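Trainee: Just passing along the structure, written as structure tokens.
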Amino acid sequence: MGRWHVIYASVIGALAIALVVMLWLFVLTGKTTAVPGDTRQAIVLEPAEQALIRTEMRRFLAAVQAIIAAALHDDPAAIAQAARAQGMAAAGQVPARLAAKLPIGFKQIGHGVHHEFDRIAIDAEAIGDGKLALSQLAETLNRCIACHSAYQLAPAGS
Ligand code: HEC
């Protein structure tokens, strides 16, 4: 009886340690390096992964343009459409293998931006105020700026 308890406790202990190490490796740190003369953390990614992130970024920029234009034209439906396309649903399309390489701070800022786009869409539909959308967008852009000043992408092997 006593001996089995020791074995169970050891197995559970080993699993718990493995879990903490995996959590540390895959969830918290991501895969980053330093670039001399640059204060931003460099996230090390394969070319296809970089392309995916950059494509998402260019969609962000296009959404910013579309929201500003729609607000100027007093078109809440178009604001909502452009914003919703960049909401949390878009964040879910990142493959798990890529997500594991992204530092937790990067993911937090990124999720914040996706959430804010959903918020802009919901409020545009419910309230229909272009000026509100613009002020929400101004807040959202602060998060784009924060992430850009903290992170860059680096090719694998660097
Ligand atoms: C979670 C972090 C993060 C957020 C949030 C973020 N970006 Fe980026 N963005 C990056 C990184 C990292 C790069 C690559 C920088 C580099 O060249 O190494 C980048 C690159 C870009 C690029 C260049 C894409 C290319 O083809 O190279 C554009 C445009 C861009 N971001 C727009 C935006 C806009 C607009 C927002 C906000 C709506 C935004 N980003 C929010 C991290 C972020």
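Just so you know, all these numbers are worked out from the coordinates, no wet-lab data involved. Note that the coordinates shown come from a computational prediction; the quantities given were computed from them, not determined experimentally. As a convention, Cβ positions derive from the backbone with ideal geometry for all residues, glycine included, and neighbour counts pool all protein chains shown.
Trainee: For segment 31-155, build the charge dipole from Cβ charges (+1 Lys, Arg; -1 Asp, Glu) around the Cα centre, then report which of Asn142, Ala83, Ile67 sits farthest towards its positive end.
Mentor: Toward the positive end, the furthest listed residue is Asn142.
Trainee: For the chain, list the DSSP H helices whose alpha carbon atoms reach 24 Å or more along the long axis and whose average Kyte-Doolittle value is 1.0 or above?
Mentor: Details: long enough: 2-22 (30 Å, 1.69); 47-72 (38 Å, 0.71); 104-126 (32 Å, -0.15); 130-150 (30 Å, 0.34).
For the chain, where a helix must reach 24 Å along its axis and average at least 1.0, the hits are 2-22.
Trainee: Here's something else I'd like to know. How big is the Rg/Rh ratio for the chain, C-alpha atoms only, Rh by Kirkwood, two decimals?
Mentor: Numbers: Rg = 20.8 Å, Rh = 17.9 Å.
Using Cα coordinates only, the ratio equals 1.16.
Trainee: So which aspartates and glutamates pass the test for Lys131, namely a Cα distance under 13 Å, with those fewer than 8 places away in the same chain ruled out?
Mentor: List returned: Asp74, Asp75, Asp123, Glu139.
Trainee: Most exposed first by the Cβ proxy, i.e. fewest other Cβ within 10 Å, how do Ser10, Ser135 rank? Walk me through the numbers before you get to the answer.
Mentor: Working: Ser10 10, Ser135 13.
Least crowded to most crowded, the residues run Ser10, Ser135.
Trainee: Here is a follow-up. Quick check on the chain: of the DSSP beta bridges with both residues there, what percent are antiparallel, nearest 5%?
Mentor: Working: 3 of 8 bridges.
Expressed as a percentage, antiparallel bridges in the chain total about 40.
Trainee: Taking the Cβ of each residue in Leu102, Leu141, Leu23 as the centre, tally the other Cβ atoms inside 10 Å and list the residues starting with the fewest. All intermediate terms of the calculation are to be shown ahead of the outcome.
Mentor: Values: Leu102 21, Leu141 14, Leu23 11.
Neighbour counts put them in this order, fewest first: Leu23, Leu141, Leu102.
Trainee: Using helices alone, I'd like the mean residue ellipticity at 222 nm for the chain: each DSSP H run of four-plus residues gives -39500 (n - 2.57), total over residue count, nearest 500. Each step should come with its number before you reach the end.
Mentor: On the way: 7 runs with 110 residues, N = 158.
Per the formula, -23000 deg cm²/dmol.
Trainee: Find the centroid of the Cα atoms in segment 7-72 and in segment 137-158, then give the distance between the two in whole Å.
Mentor: Comparing the Cα centres of segment 7-72 and segment 137-158, I get a distance of 11 Å.
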